[in-house]
Amino acid sequence: MHHFRNAAFIEDNGKVTNSPNYRYRLTDEMLSVIHSYGTQQWEAEKERFLAVHETLVNLYASKRSMRKMPVRINGEDFTFSHGKHNELQKAIIEEFAPRFAPNSECLYVGDTTEKDLVKNVVKLQELGFTITLHDKMPDVVLYSNEKNWLYFIESVTSVGPMEPKRIREIEEMTAEVSAGKIYVTAFLDFKTFKKFSESLAWETEAWIADMPDHMIHLNGDKFLGPRERATETP
């Protein structure tokens, strides 16, 4: 679909990409060409479309860019596609990180249309990550070299909090990682937090973008610190 979109044959309907109503549709110009097929106007419509094709490509590319959100990651400029999930990821990087993971590096963050927007594979493997095509990375992974802490952060607007099952999945992916691991579920507002509060795993953190200076700690003997590794008993 992306090839047709880049060629200005189709465009999206303007809905956020994680909306159930997100759809592609023919551009008006391509629709006119298709309607003329089999008629006397076909050749003229086709030639007209080809003559302005490059202009149309730039026009529809500009429309897509206008809906993107700028974000600065590791000192470089990126853009997120529009939507609540990415709005929250932007807040994680710009609001959460400076407060609770100062001077950290973003090793991974996805986008709803570009899965691996930032993915520092070399550093992840150096830290001991085992990454396969089947692994689902947390939405945002930050690393503090100063503290040797990894922050695994899920951006939750409708699904995917740090529940016990999700913790196990990440633990399996990072079995060889020796850095301290911190698990955070981020929410846009308190209403969404309340919806998921009963499913959050103990010894994890909850951060709400509407109240960026505060953190909710779920039990455990530490506040915003790595979970202790389980030790075997004889």
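Taking Lys and Arg as +1 and Asp and Glu as -1, the other residues whose beta-carbon sits under 11 Å from that of I92 total -3. Near F80, the amide H atoms lying under 5 Å from its own belong to M69, V71; only residues 5 or more places off or on other chains count, and H is placed 1.01 Å from N. Binning all Cα-Cα separations of the stretch 167-223 at 10 Å, short to long from zero, yields these whole-percent fractions: 21, 47, 27, 4. Annotation: extensible slack from E163 through V52 equals 34.7 nm (criterion: 0.36 nm per residue apart, minus Cα-Cα distance).
Calculated FRET efficiency, W202 to M1, Cβ-Cβ distance, R0 = 30 Å: about 0.10 to the nearest 0.05. On a per residue basis, the stretch 92-165 carries 48 Å² of accessible surface, using protein heavy atoms and a 1.4 Å probe. The accessible surface of the stretch 139-206, taken with every protein chain in place and a 1.4 Å probe, is 48 percent carbon and sulfur. The protection proxy used here, the mean number of other Cβ atoms lying within 10 Å of each residue, ranks peptides 158-170, 200-212 as follows, highest first: 200-212, 158-170. Applied to the stretch 82-88, the Karplus parametrisation 6.51 cos²θ - 1.76 cosθ + 1.60 on θ = phi - 60° returns per-residue 3J(HN,Hα) values of 5, x, 5, 4, 6, 4, 6 Hz, with x for Gly and Pro.
The values are calculated or read from the model by the stated rules, or taken from the named source; none is laboratory data. These figures come from a predicted structure and were not determined experimentally. Methodologically, a virtual Cβ is constructed for each residue, glycine included, from the backbone with ideal geometry; neighbour enumeration extends over all protein chains shown. Just the protein is used for accessible areas: all its heavy atoms, side chains included, with ligands, DNA and RNA removed. Shrake-Rupley method; radii C 1.70, N 1.55, O 1.52, S 1.80 Å.
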